[in-house]
Amino acid sequence: MTGKGSTFGKFGFGPFRWFFNDQKKQRKNDIDKNRHNEIERETYNLNSYQNTVIKSIKSDEKFLKNFRYHGLPWRGLQERIKKELPGDLMDLDKISYNLVPKTMEAIFGQQNTAWITEKRPSKSGAGFTTWIVIL
């Protein structure tokens, strides 16, 4: 336990040192692999959900007609997207918020070319609301 490079409480018994270190490395590799698989699964699911949202909104002619004519608050489209997503998703608000521009680009085209956002006075009178307007 003493000697060059050793400190109190650290010791190894030849093959046992390798055995214990190898198990620790294997556990870490398993955790990393599981996390990677989980991220891939979440990404696949989010892409699948996004496609479902886009198809649903594209097929809703009444919604699109009203949207094209009047515009829509960002939160209004966000809420419409939330209706198409599974309710048990964690961070449902964040996911639906992030899907707004992706949905708009898939349906109408690039921002600032096919659609824009603009600030309008809030109906409650406090501050402004972000609206999406089709060009």
Would you mention how many residues in segment 102-114 are out of contact with any Pro (no Cβ under 9 Å at 6 or more places or on another chain) and without any contact (Cβ under 8 Å) to a residue 24 or more places away in the chain? 6
Checklist (1) closer than 20 Å to Gln50 by Cα; (2) at pLDDT 90 or above; (3) not aliphatic (A, V, I, L, M) applied to Asp88, failing item: (2)
Selection within segment 83-103 - under 13 Å from the mean Cα position of the chain (by Cα), assigned to a helix (DSSP H, G or I) and under 13 Å from Ser56 (Cα atoms): none
Whichever residue in segment 115-135 is in contact (Cβ under 8 Å) with a residue 40 or more places away in the chain and among the β-branched types (Val, Ile, Thr) and, among such residues, is surrounded by the fewest Cβ atoms within 10 Å (Cβ to Cβ): Thr130
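The values are calculated or read from the model by the stated rules, or taken from the named source; none is laboratory data. These numbers were taken from a predicted model, which means no experiment stands behind them. Glycine also receives a Cβ, built like all others from the backbone with ideal geometry; neighbour counts cover every protein chain displayed.
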